[in-house]
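The values are calculated or read from the model by the stated rules, or taken from the named source; none is laboratory data. In this text the structure is predicted, and so the values were computed from the model without any measurement. Cβ coordinates were reconstructed from backbone atoms using ideal geometry, including for glycine residues, and neighbour counts include every protein chain displayed. In case anyone asks, the SASA skips ligands and DNA or RNA and just uses the protein heavy atoms, side chains included. Shrake-Rupley method; radii C 1.70, N 1.55, O 1.52, S 1.80 Å.
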Amino acid sequence: MEDNFKLEIISPERIIFSDDTKMVTLPSYEGDMSILKNHISVITLLRPGIIKVQKNDGNSEDFFIQDGTVEYFNDSLVVLSASVINVKDLSKEFVDNLNKDTQDKLTDKNIADHERYVLHHKLDVLKEIQV
């Protein structure tokens, strides 16, 4: 019996990733969440982080995401986001600019606690990305 399930990562412009996978780890607001075949149905929002995809051939792919929505139902996982990028496609300039923009937003004294929380998560993730 195969232990894989269908994953699609979709942006408004195109399908970023579509394949069968063994496991996907997602950065949800409840904490990092790993999905395997036969996982219970779930719908959740994503915080800034890395989506880790373990493919059937043993290789993996990582995707940087700033926000998004996830639905897992009937062994099919769909990630919808306007801000998802394969980590191997990130440039140092993009990461540096996003880091600077995020730090600039944190200097605003009028931002809500939730937005401050999201911005700090984004900075933590950007520090971990090696480009």
Query raised in the report: Distance in nm between label sites at D89 and D104, each 7 Å beyond Cα in the beta-carbon direction?
Result: 2.4 nm
Query raised in the report: Mind checking the angle between helix 113-128 and the chain's longest principal axis? C-alpha axes, 0 to 90 degrees, to the nearest 10.
Result: 70 degrees
Query raised in the report: Angle between the Cα long axis of helix 92-106 and the longest principal axis of the chain, 0 to 90 degrees, nearest 10?
Result: 60 degrees
Query - Where trypsin sites (Lys or Arg not before Pro) in DSSP loops with at most 11 other Cβ within 10 Å are excluded, longest remaining stretch of the chain - result: 15-108
Query raised in the report: Per 10 Å bin, what is the whole-percent P(r) computed from every C-alpha pair distance within the stretch 1-59?
Result: 21, 54, 25, 1
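Which value results when the Cα radius of gyration for the stretch 90-131 is divided by 2.2 N^0.38 Å? The partial results should precede the final answer.
On the way: Rg = 10.8 Å, N = 42, 2.2 N^0.38 = 9.1 Å.
Relative to the rule-of-thumb radius for its length, the stretch 90-131 sits at 1.18.
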Query raised in the report: Taking the Cα atoms of the stretch 44-92, what is the range of coordinates along each of the three principal axes, in descending order and whole Å?
Result: 38, 28, 13
Query raised in the report: Which value, in Å to one decimal place, does the Kirkwood hydrodynamic radius take for the chain when every pair of different Cα atoms is included?
Result: 15.4 Å
Query raised in the report: When only Cα pairs under 8 Å and 6 or more residues apart are kept, what is the percent relative contact order across the chain?
Result: 22 percent
Query raised in the report: Rounded to a whole number, what % of the accessible area of the stretch 5-86 do carbon and sulfur atoms account for, probe 1.4 Å?
Result: 49 percent
**Report entry** Accessible surface, the chain, averaged per residue in Å² (probe 1.4 Å)
**Finding:** 59 Å²
Requested in this report: Name the most mobile residue of E13, E71, E30, meaning the one with the largest mean-square fluctuation, in a Gaussian network model of the chain with Cα contacts below 10 Å.
Outcome: E13
Requested in this report: Could you tally up the Lys pairs in the chain with alpha carbons closer than 21 Å? Skip any pair fewer than 8 positions apart unless they're on separate chains.
Outcome: 28
